[in-house]
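Shown next, in C-alpha cells, is the structure this report addresses.
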Amino acid sequence: MGKKFFVSDCEGPISTNDNAFELSGHFIEDGEKFFEIISRYDDVLVDVVKRDGYNAGGTLKLITPFLKAYGADNQTIIDFSAENVMLLKGAVETLKFVSSTMPSFIVSTSYEQYIEALCRRTGFPYENTYSTKLDMDRFNVDPDEAEKLREFRRTIVENPEFEVLDKIFWKNIPSMEIGGIMESVHPVGGEGKKEAIQDIIRRFNLKASDLFYIGDSITDVQPLRFANTNGGISVSFNGNEYALPEAEIAVIADNTAITSVLADVFNRYGTDTVLDFVVSYYKDPETALESGFINPKLAEKVLNNKLPQVEVVNCDNMDRLIDESTKFRKEVRGKAIGGLG
C-alpha cells in the first residue's frame, strides 16, 4: 500500500465563496449578472462546443480586462479577497487534520490572491496549493480602451448571445492593447487541475491510485475522473450536474466533518473500505460511524452536526443525487453562486 494523499478543490468543499464572481460584483457595473453570463458561456465552450485548447475555468481569463477597466489592481484584489473569505463549518479542523496525517494539497481555479488569503485564515501551507496566477499591475489600460470595454460589458449584459460574446472575446479584445492581460492568465481548471495533480505525483513520488480528490464543479471533471479511473477516491461535495457524474461518492453537507472521516478511512484502509463504509452509512449512519475502524473523535464531530447525506453514485441514483445536490449547494452557497457551473 502506497502513501495516500489528499487533494481538494477550494471553493465548494472548503469555502462557500466564488471569489471571481464576488470580485466582479464588487468592481464591475452590474458585475454579478455579467459574471453569470460569462460563466454560462464558459460552460458552453467546454461542455457543448468543446473548443480546442479551452479549459473549464476560462471565465477567470475572460473577466480580467473588465476588472482592469473598472479599476481593479493587485492590491485591491488582495484586500477584497482577504476581507471576504467565507469558510464552511469545520473547514479549518479538516484541513489541519488531513495535513497532519498525509500529504495534502489545494488545487483551485481561484486567483492566487484569494488562495493566499484563505491559507492565512486556515493555516494551510500556501506552498501546497495550485491556483490561477494573476498580475493586474503588469498591464495598463488607456481611457479609450477602458471606455470600449465598458461598452462591451453593456452589450454582453443586454445581448448575451453566443455569437456576440465570441466576437468580443476572440476578435475585439485580442486586437486591443489590454488584450494581453487575457493571454497572461492560465486558469487552473479542468485539464489544468489534472496536470497539477500529476505534478504533485511527480514531485512527491506518489501514485495515482493513492489519490483522494474532492470537488464540486465543471472545473473538477478531469481530476475527479482521473482519481476514479486510477483506483483512488473521487468525491463530489455538494456537486453540480458536471461534477457528480464523475464521482464515486456524493456528499451533501453543510460542514466538512464527513470529509475528515472519509479521508481518514482512505488513508488507513484504502478505497474498498471507504466504499464499504459509505454503503453502511447510507443504510444506518449512526451505526456506521460507531464502527471500530472509524476514528471516534471524527465520528463525534459528524454526529454533533446535521448528518450529511453520503452515497455511492450509480446509474439508479444519479439523477436524484444531481437534483438534491444542486438544490442543496444553492442553500449553502447562495442561489447565484450555487447556480454557477
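The values are calculated or read from the model by the stated rules, or taken from the named source; none is laboratory data. Since the structure is predicted, the reported quantities are computational estimates derived from the model, not experimental observations. Reconstructed Cβ throughout: ideal geometry from the backbone, glycine too, with neighbour counts over all protein chains shown.
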Taking the options E241, E286, name whichever one is assigned to a helix (DSSP H, G or I), in the same structural domain as S100 (by TED's automatic domain parsing) and not aromatic (F, W, Y). E286
Suppose we keep only residues that are in contact with a Leu (Cβ under 9 Å, 6 or more places away or on another chain) and closer than 20 Å to D264 by Cβ within segment 201-223. Which one would you say is surrounded by the fewest Cβ atoms within 10 Å (Cβ to Cβ)? F212
Which condition number does D52 fail, the rest of (1) among the acidic types (D, E); (2) in contact (Cβ under 8 Å) with a residue 40 or more places away in the chain; (3) within 21 Å of G189 (Cα to Cα) being met? (2)
Test of understanding: among A250, A227, which residue is among the small types (G, A, S), crowded, with 19+ Cβ neighbours inside 10 Å, within 25 Å of the chain's Cα centre (by Cα) and in a helix (DSSP H, G or I)? A227
Of those in segment 263-293 that are without any contact (Cβ under 8 Å) to a residue 24 or more places away in the chain and loosely packed, with under 12 Cβ neighbours inside 10 Å, the residue nearest to the chain's Cα centre (by Cα) is D272
Got at least one residue in segment 153-168 being part of a strand (DSSP E or B), among the aliphatic types (A, V, I, L, M) and crowded, with 20+ Cβ neighbours inside 10 Å? no
Report whether or not F105 is of a type in the set (F, W, Y) and either assigned by TED's automatic domain parsing to the domain that holds T259 or in a loop (DSSP other than H, G, I, E, B) (or both). yes
Residues of segment 302-327 being modelled with pLDDT of 95 or more and touching a strand residue (DSSP E or B) at 6+ places or on another chain (Cβ under 8 Å), which ones? P308, Q309, V310, E311, V312, V313, N317, L321, E324, S325
